[in-house]
Amino acid sequence: MRVERLLQFGPIAAILTFALALRLWRLNLPSGYIFDEVYYAKNAASLITAGVELNDQGESEFVVHPPLGKWLIGIGIRIFGNNEFGWRFSAAIFGSLAVLLIYLIVKKLFASEFLSITAALLFALDGLNLVMSRIALLDIFLMVFILLAFYFLLLNNYLAVGIALGLALATKWSGGFLIPVFLLFVVIENRANLKNLLKPIAQLILLPVGVYLISWSGWIFSDKGWGRNSEANLLSSLWSYHMQILSFHQDLVEQHSYQANPWSWLILGRPTSFFYEDAANCGQTKCAQEILAMGTPFLWWSAVFAVAITIGFFISNKDRKAAIILLGFAATYLPWFLIQERTTFYFYAISTLPFLILAIIYCFNLLLESEKNKKYIKIYVALVAINFLYFLPIYLGISIPYSLLRVVK
C-alpha cells in the first residue's frame, strides 16, 4: 500500500518540491527593492501596520490597484520581517501552488495522471512563472486566483467560482475580464435549463463584487486612507477614489523602455528586465547579473501552434475541453487588445500562461490515442527542460559573462 501511494503521489510531490526549492533559493537576492517592489512591498508593509497604504512620511498614498495582493505580500513580511525574503515569500508560495493547481485542472479535464504530471512539470519549467514567483508583484496572485476559478468551474461549483473571481478582481482589475466570459459560458452551458440560471448568474456577479468590497476593509474602517473623507459619505468617497484609479489607467500612455504590445507577448517580443547590474565572479573580465521576466522560449513558441490546433478542433468538433481552454485564453489575453494605447508589459501574460500549457496538453491528449506517442511527449518535455536550464541564470539573477548576456538578450 505504501509503495502504491508513493507511486501515486511521488511524482507530483517531487515536482512541487523542485518548484518550491527553486523559488525559495536565494530569495533574498538581489538586495533592496527591484522593479515595482518599491510600490507593492512598501504598500504591503504599510497595510499590515496601518491597515491602509501610507507613504514614507506616514501620509495617505494614492494607489492604483486593489489591496488583496498587497495584503498577501504583507503576510510574508509579518512572518519573516520587512526584508527581501519577507516581501517575496508569499509570491514563492503562490507560484508553487500554481503548479499544483494546473495538475488538478488537467486531472479533472483529461483524467490522465501522465498528462497531469506533464502539465505540472511544464509549469515548473517555465521561466516567466519562476521569475514572477520570486518578486513582490501582484500578477502571480492574480494568476493563481484565475486558476482557482477555472478549477471550481470544472467542478460546477459556481459559489466557489464567484469567490475566486472576487479574489482575482481584488488583486488587479484585469481579473474582472473573466466575469463576463464566465457568465457567457454558464449561460451557453445551461441554455436548455434557463430556469436554473438565476442563481449561478447571481453568484458570478454579486459574490465577486462582495469579495472585492471586503478587500477594501482596511480603507473602509480607517480614516487614514487616500480620499477617505473626500465626499459626504463613505460610498461616495470610495466611488470617487475608484474614478481616480480609472482615470489613471486610462491616461497611462507614457513610453517605457520595456513596454510591450500584446501582439508580441506570445512570441516573447519584449521581455521585461526587472534587475540589472555589473557583477564579478563569473570567470571573465566583464560580468553581469540580470533578472529577465521571460517565458521559456521553446515552451511559449510551441504553445502558439498548440492554441491554433485547439481552435481548429473546437471549430470542427465543438469539443467542450477545447472550449474551456480557449475560454481561459480569450479572457486573459484578448481584452488587452481593446486598450493597446495603454502602456503594457509582457509579464502581464503570466495569467495567460496556464492556458497556453493547457493547449499543449490538449494536443498531447490527441497524441495519446496511440500509446507509442508518449515518447514524443517525453522528448518535448526534455527539450523544454534543456531550454529552461540554459536561461536559468537570467531567471535567478546569477552572475554570467557579459558577452553571453548580450547573446541571450
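Where a number appears in this text, it was derived from the coordinates with a stated rule and is not lab data. Remember, predicted model here, so these are calculated numbers, not experimental data. Note that each Cβ is placed from the backbone with ideal geometry, even for glycine, and that neighbours are counted across all protein chains shown.
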Which are the unpartnered cysteines of the chain, meaning those with no other cysteine Cβ under 4.7 Å from their Cβ? CYS363
Whole-Hz Karplus couplings 3J(HN,Hα) for the range 135-146, θ = phi - 60° and coefficients 6.51, -1.76, 1.60, Gly and Pro as x, run 9, 7, 10, 8, 5, 5, 5, 4, 4, 5, 5, 5
What ³J(HN,Hα) values, in whole Hz, does the Karplus curve 6.51 cos²θ - 1.76 cosθ + 1.60 give for the range 313-328 when θ = phi - 60°, with x put for Gly and Pro? 5, 5, 5, 7, 10, 6, 5, 5, 4, 5, 4, 5, 5, 5, 4, x
To the nearest 20 debye, what charge dipole does the chain have about its Cα centre, counting +1 at the Cβ of each Lys and Arg and -1 at the Cβ of each Asp and Glu? 1300
Would you pull out the residues with amide H under 5 Å of PHE345's amide H, same chain only if 5 or more places away, H placed 1.01 Å from N? ALA260
Once both labels are modelled 7 Å past Cα along the beta-carbon direction, what's the THR17-TYR376 spacing in nm? 3.4
Amide H to amide H, which residues 5 or more places from ALA279 or on other chains are under 5 Å from it, using H placed in the peptide plane? CYS287, ALA288, GLN289
Proxy exposure order for HIS249, HIS256 (fewest C-beta within 10 Å first) is HIS256, HIS249
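Within a 10 angstrom radius of the beta carbon, how do LYS378, LYS318 rank from fewest other beta carbons to most?
Details: LYS378 12, LYS318 9.
Final ranking by Cβ density, sparse to dense: LYS318, LYS378.
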Would you order VAL38, VAL131 from fewest to most other beta-carbon atoms within 10 Å of each residue's own beta-carbon? VAL38, VAL131
Gain on full stretching of the segment that runs from ASN156 to ILE188 - 0.36 nm per residue minus C-alpha separation: 10.1 nm
Which listed pairs, of LYS70/LYS286; LYS107/LYS374; LYS318/LYS375; LYS70/LYS107; LYS70/LYS224; LYS321/LYS372, have C-alpha distances above 27 Å, in listed order: LYS70/LYS286; LYS318/LYS375; LYS70/LYS107
Setting aside same-chain residues fewer than 8 positions from LYS172, which aspartates and glutamates have a Cα under 12 Å from its Cα? ASP139
Hey, what do the phi angles of the range 224-241 turn into as Karplus ³J(HN,Hα) couplings, whole Hz, using 6.51/-1.76/1.60 and θ = phi - 60°, x for Gly and Pro? 9, x, 4, x, 4, 10, 6, 10, 5, 9, 4, 5, 5, 5, 5, 5, 4, 4
Extending each Cα 7 Å along its Cβ direction at LEU252 and THR49, get the distance between those two points in nm, one decimal. 2.6
Express in nm, to one decimal, how much length is gained between HIS242 and ASN28 on full extension, taking 0.36 nm for each residue of separation and deducting their alpha carbon distance. 73.6 nm
Among rounded, prolate and oblate, which fits the chain when a ≥ b ≥ c are the square roots of the eigenvalues of its C-alpha gyration tensor, a/c under 1.5 means rounded, and a/b larger than b/c means prolate? oblate
Under the 0.36 nm per residue contour assumption, what length would be gained going from the current alpha-carbon distance of VAL64 and ALA111 to full extension? 12.8 nm
Are there chymotrypsin sites (Phe, Trp or Tyr not before Pro) in the range 1-87 that DSSP puts in a loop and that have at most 15 other Cβ atoms within 10 Å, and which ones? TRP25, PHE62
